[in-house]
Structures are given as C-alpha cells and as structure tokens.
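Take a look at the structure below.
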Amino acid sequence: MAKSPLEYIESLPREIIYTILIICLAVPLVKPLGLPVPISSRVKEWHQYVEGLPDGAYVLVSVDYGVGSLPALEPFMVATLHDLFERNVKVVIMTLYSDGPICYESLITKVNPDAYGKQYGVDYVFLGYIPGGETAMKAVAENLHAAVPTDYYGTPLNQIPMLKDISGASDFAMIISVTPSGDVAQGWIRQWVTPYGITYMSCVLAMMMPTMEPYYPAQVKALTDAGRAGEYEYLIGKPGSGIRKLDAFSVAHIMLIIAIIIANIAYFALKAQKKGGA
Amino acid sequence: MSLAYRRHLPIIITFIMGIIMILQYFIVPKQPVEPYQITMQKVGETLTNWANLLAAFTIGFGMVNIALIHSRHVSRKTPGQWYYSAWLLFVAVIMVIVGIGGEPALGINVSKYQYDWMTTYVFAALSGTMYSSLAFYITSACYRAFRARTIEATALLIVGFITLMSRTPAFQAYLPQVIEVADWINKYIVKSSFRGILIGGALGAILLGIRTLMGMETGYLGRRD
C-alpha cells in the first residue's frame, strides 16, 4: 500500500535527508553568506589566558588528534598557535596519537612560525609521538628527558637550547590540549593539573562538552569546543578555514531544526488522523 | 601450564607494581629529599617508562595481529571478506615500504614527498571522510528520534533545540538570549548531572582497582584454557 504524504514526510528516506544536508553544507562553503561572527565568552576567555602568559613562559601544546578528526580540530589548533607565536613564549609540542606527527606537519605548515621570527629549538620544539596515553603524560610530567630522550627529528633534548633546563611539568606555565578523546582531555587533569597545579586549557569536540563541563573552571581554566575556531580566528585577526565553515554550520543547523519541526508536525497530524479514523 | 605460573604470578606482579605506584604517588613530595623518597621516585619513573614502552610495542603487535587475521581470510577465501583483506594487506605493505623510505633492494626509492602525498591525499582524506560521515548519520537519527511522543521525549527535544540553536552562529548573532538559556542548562543541569555520574564512576574505578590489586578481578589475565 502506498504511503500517504504525511507518512512519507514522517519517515523521510535517508537519501533525501543526506542530499539536503550536502546542499546546505556545500552552498555556503562555495558562496559564503557573510553572516555575522559573534565571539563567545569561552573563546574570549581562551584568548585572555594566552594573552596573560608572562614573557619566556613554557607552554606544552599537545596535538592530541589523528588525521580522522583533523578537519574538525585543526582550525582551532592553528588559531591557538598563531596566538601563542604572537607572544614571547616557548612552545613545546607533542602528540599522544600515532598519526599525530602527520597532523603536526600540516599544522606547522599552516602556522608558519618563521613569519613570527620563531626559530626551531629556540622558540618551539616538536617531541613527536609519545606512546602510552595517560602514562606518557605522567612520564613527561615527572622527567621529560627520561621519557623523551630526543625530539621528533632525533636531536637529543639536552642539545636543544630551550629544553636544557626543563625537567618536567613544574617548569611549564600552561598545558593546551586539543582532542576528540575524553580519556585524553581528562587524563591531563589527573596527571598534570591535580599533582602540579598547571593551568590547563582544553578544546574538545562539541559533543564532548557536557562530559568536560564538570571540570570547568576549577580544573580546566579555559574550555571550548573546536567548532568555535572561526570565532577565534576572527578575534585574533587570522581568518582561516574555521571562519569559512561558520556559515555552513548555521545553514545546516537551521535545516536540521526545520526538519525536526516538520517531522513532529507530520507525527501529530498522523496521530490526529488515526484518532479521527478510529 | 601450572596454576602458579598462569594465575598467581601475574596477580603477585600486579599487586606489587600497583602498590609501588600508589605509594610513590602519596609518599614522594615534589622535591624529594630523603633517600627512600628519591628511590621511590626513580622506581615510579622507571615503571611509567616501562608502561610507555609496552604501549609502543602494542602498535607493532597490532600490526602482526592484523596481518595474521587478514592473511587467514585471504588463504581461506572467506566469502564477502577476502578481497577486502587482500586489499588491506596490499595497502599496508605499500604504506610501510613508503614510510620507511622505500626498499632499494626491490628498486623502490621513495622520497618524503611521496610519503606526504600518500598520507595527505589518501590516508588523511579517507579518515576525514569516515569521520565526517557521522554528520549524515546524526542528522538522519535526529530526524527520526526527536519526536514529542512522551513528556521525557518532549523535554529532550526542547533541550536539544536550545542547545542546537545556541551552537548556531546565526542564532548567536540574531537571538543571543538563547545562549543564556543554554548556558544556564549547562551550568546547573548538565554540570550537576555529570558530576554525579563522574563521582559514581570514580568510586567504581577505585573499587575495581582495589579488587584488581587483591586478585579478585582477573579479567586482564585473559581467557582461561
């Protein structure tokens, strides 16, 4: 028996939903709508913490994502590194993901530290992939030189000028982690924040925000989701891929809201029809 | 294999290592002074580095495991699977050869450019595609699941709507009040609920840790023959 129009709308084939979503995402990416970019308080707070770093402070930046989540997380990481390289701070970069070095290469190409006059080994360094998850965090915190004898390119840490006098977590002013993993985001709290009291800033996926909210602002001083990369780029005046996605977010979210309303109208209309028929 | 070797020895090792890690966390101060504190700190650091080495080893172990499982599928010609397994093994071998800089004995000389090209335009693109396909599944699931069927479902629908609107840049700009409502939900309802869940989970984890140390939890020993 053929479906009535209401029944059809109520159980719309997924192919149609997918097609509408593709159009809603693609059109604003190809032809930006130029919607306003409001800056949320979470992004302002993140920027204020970076801005407040004293000269010469050491910051550990953990690129805690793999290539799968790179498109979602990289824009925020790029904006953060731009913000850090604007200042006179020392940036130690590492990753807990085996494909993290690929993400680092992509990241550093986009940020281009040379443009800020930053020199590898003096102003920033990449330690590479450190296996072990939470035990790696602990090992780095306790004794950096024992946990990671060389940097990613094989240079012994005691030959890298900026790392000669660094022994572990107590030498760092801040830790920044951008990750799609709850274990990683919370692991930093357990291994760095609780024992050493380091200022921790965490950027996660939007869907992970509820799981991280309990730690904000006591343990996680600045907490935001990576979808706000466009706002951050706008705030620091470094437009990148995040800002281009904002219009697509708006259109796709509005489409979803309208679709849910239509589905509910169809559901109640069907219900009323069935009641009337009975 | 004797019971002592198969069961008692791993439990004893787990107990000793667990107790050492707990003691060094609580006994060793940030700046150890006493000889026993320095010794405990060194032992703790060594054990942590061992754990990291084991984690690194599991990557190689995983590769061997994948090779064994998929070689079996290919040799047995498992219907609907063997050609995927063959393709996986072929691509894995290519990636390894390219990753280690080629194999001159086979006449394959690879530069960093070729490795970068494969990771950027093959691996990264495919991984990103897999991940972003979630957006389609979630949209379809929202369309089907968000129905005001009951009071609980209606509450979920309303909160879902507010959250979605608060995360939409257009609404943030033209209807900023929605952010305040979403913030209130996050600050009071979400945070308190998740804190309850977290505390419950933490208590469970402590209990599991104690049971593991006491040898009452033996799941990590693997299957009993």
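The values are calculated or read from the model by the stated rules, or taken from the named source; none is laboratory data. On a predicted model such as this, the values are computed, not experimentally measured, just so you know. All Cβ positions, glycine included, derive from the backbone under ideal geometry; neighbour counts span all protein chains shown.
Among A:G52, A:G34, which is the only one that is of a type in the set (G, A, S), over 23 Å from A:P180 (Cβ atoms) and either modelled with pLDDT under 90 or under 13 Å from the mean Cα position of the chain (by Cα) (or both)? Working first, answer last.
Numbers: A:G52 fails: either modelled with pLDDT under 90 or under 13 Å from the mean Cα position of the chain (by Cα) (or both).
Matching residue, one of A:G52, A:G34: A:G34.
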Among the hydrophobic types (A, V, I, L, M, F, W, C) and surrounded by fewer than 18 Cβ atoms within 10 Å (Cβ to Cβ) - does that describe any residue in the range A:143-157?
-> yes
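Considering A:Y97, A:Y65, A:Y116, which residue is among the aromatic types (F, W, Y), farther than 28 Å from B:S133 by Cα and assigned by TED's automatic domain parsing to the domain that holds A:G227? Before you say what the answer is, go through the steps one by one.
Details: A:Y97 fails: farther than 28 Å from B:S133 by Cα; A:Y65 fails: farther than 28 Å from B:S133 by Cα.
The unique qualifying residue is A:Y116.
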Answer with yes or no whether A:K90 is buried (at least 18 other Cβ atoms within 10 Å of the Cβ) and of a type in the set (K, R).
-> yes
Would it be correct to say that A:V125 is modelled with pLDDT of 90 or more, crowded, with 18+ Cβ neighbours inside 10 Å, of a type outside the set (S, T, Y) and under 24 Å from A:L84 (Cα atoms)?
-> yes
For the range A:234-256, enumerate the residues that are within 12 Å of another protein chain (Cβ to nearest Cβ) and among the β-branched types (V, I, T).
-> A:I243, A:V251, A:I254
How many residues, within the range A:208-227, are at the interface with chain B (Cβ under 9 Å from one of its Cβ atoms) and either in contact with a strand residue (DSSP E or B) (Cβ under 6 Å, 6 or more places away or on another chain) or within 26 Å of B:A173 (Cβ to Cβ) (or both)?
-> 7
Single residue of the range B:25-48 satisfying the filter (surrounded by 12 or more Cβ atoms within 10 Å (Cβ to Cβ) and outside any helix (DSSP H, G or I)) that is nearest to the other protein chains (Cβ to nearest Cβ) = B:V28
Filter pass, A:M212 being touching a residue at least 12 places away in the same chain (Cβ under 8 Å), assigned to a helix (DSSP H, G or I) and closer than 16 Å to A:S177 by Cα = yes
Is there a residue being in contact with a helix residue (DSSP H, G or I) (Cβ under 8 Å, 6 or more places away or on another chain), at the interface with another protein chain (Cβ under 8 Å from one of its Cβ atoms) and among the acidic types (D, E) anywhere in the range B:210-219?
-> no
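What do you reckon, is A:S202 within 14 Å of another protein chain (Cβ to nearest Cβ) and either surrounded by fewer than 23 Cβ atoms within 10 Å (Cβ to Cβ) or within 14 Å of A:E45 (Cβ to Cβ) (or both)?
For A:S202, the condition - within 14 Å of another protein chain (Cβ to nearest Cβ) and either surrounded by fewer than 23 Cβ atoms within 10 Å (Cβ to Cβ) or within 14 Å of A:E45 (Cβ to Cβ) (or both) - is not met.
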Show the residue pairs that are 6+ apart or on different chains and have beta-carbon atoms under 6 Å apart, the first residue being within the range B:52-67 and within 21 Å of A:A139 (Cβ to Cβ), the second being not polar (S, T, N, Q).
-> B:N52/A:P131; B:N52/A:G132; B:N52/A:A136; B:N52/A:A139; B:A55/A:P131; B:A55/A:G132; B:A56/A:P131
Tell me which residues, restricted to the range B:195-209, are in contact (Cβ under 8 Å) with a residue 12 or more places away in the chain and within 9 Å of chain A (Cβ to nearest Cβ).
-> none
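For (1) without any contact (Cβ under 8 Å) to a residue 24 or more places away in the chain; (2) of a type in the set (G, A, S); (3) at the interface with chain A (Cβ under 7 Å from one of its Cβ atoms), each residue gets a yes or a no:
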{"site": "B:R147", "(1), (2), (3)": "yes, no, yes"}
{"site": "B:F161", "(1), (2), (3)": "yes, no, yes"}
{"site": "B:Y188", "(1), (2), (3)": "yes, no, no"}
{"site": "B:S193", "(1), (2), (3)": "yes, yes, no"}
Qualifying positions in the range A:1-24 - in contact with a Phe, Trp or Tyr (Cβ under 9 Å, 6 or more places away or on another chain), under 20 Å from A:H253 (Cβ atoms) and surrounded by 14 or more Cβ atoms within 10 Å (Cβ to Cβ) | A:L12, A:R14, A:I17, A:Y18, A:L21
